[in-house]
């Protein structure tokens, strides 16, 4: 049995400030407690993918347990102190804690399957609650270690299904999943996950139909096209951190259309756009509730699913994050794919100053909406709008993140069909290969670029997209 050297329980600066001092929660370091030492090793491991929120989630729960304040380890308190939610927020509408808890359990399993395979202590966040538990492991394969679910294939399947999210009630019903190994346990698992399994089957059938409808980007192109595409995606989906895929917030679009009031990013981030005030009419109160609903486009979700099948994309590092749950730190140092229009995904506003093609959404009939071409080349238009319902435009922009340490990919359109045109173009290696070749540096990196594409619009479905114009950063 291998004996681990006791590592430092206190990280070097500035990691200490980042994980222990940021946010609303006060988290103490417990240098002499082996439970804290284990939690810190997991929090700073590659298995957590440099996710500050996952790390703080774990360290918060262990800190409160060690300090004898387990009564604070509740969904409401975690939402407020770790995820910066407002006091009294509705966890039924905002299930960010449950979503992160599922991901944290999976990442802990990954840790014990790789970096932590020789750990003598096992840390677990039991299903149905958030208070961590610690048990000793038998690394020789005897005793209680054999019962630990992370090392059993059956649990691994259930864990992956749990990541899909429909079973949010499992976090609050106070019951843990039955251990596999008996007919009764199997019956319980099938009963609990039957609906989810049917949903997964439906998704599989849907993907099969999708492959028949859109064969171009699901079929392989030439080897050179495939290599160029794979190299591009590997720059967005790196192996040592998560890449956030952010679908549109369509509830926000409905609310803005009805109130005719645009929502600036600052108000979107702090949630104040959903609050009524003296300047609003009383009738707006019900409309504002639409801004709290979690609606998104099937085109966006379809794109997120197809990304998992693209060569060069590591599905383990693909994290679907609702636009309302994204945080500034996620796009300051991390990679992200922002889907939708500037109206449905306000995070795109941050990158407008870097972009030549900027979307304008106008409620004034005298001012047309469309993509503004801020520096038109000869033969190009100043505005690419939608003069009729039979044509649309989409945009693809590959830009550095806020700290220039990663990349942000913006994929959207003037409407659903425009976004579909952009995603189809992006996922078709034969269409993207010429652009990627022109954007490639002598060292093999892809420079920043912007593409404007067009397509015919048939009842909100785009035809085969065509490239209208491009911009490639030649610096």
When you count, for each residue, the other Cβ atoms within 10 Å and take the mean per peptide, how do 371-378, 417-424 rank with the highest first?
-> 417-424, 371-378
Nitroxide proxy distance, nm - points 7 Å out along Cα→Cβ at residue 118 and residue 136 = 2.0 nm
Overall form of segment 391-438 per C-alpha gyration tensor (a/c, 1.5; a/b vs b/c) | oblate
Based on the Cβ-Cβ distance of residue 44 and residue 461, what FRET efficiency does E = 1/(1 + (r/R0)^6) give at R0 = 51 Å, to the nearest 0.05?
-> 0.65
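Computed from the coordinates by the stated procedures, all read-outs in this text should not be read as laboratory data. Nothing here was measured: the structure is a model prediction, and the numbers come from that model. Methodologically, a virtual Cβ is constructed for each residue, glycine included, from the backbone with ideal geometry; neighbour enumeration extends over all protein chains shown.
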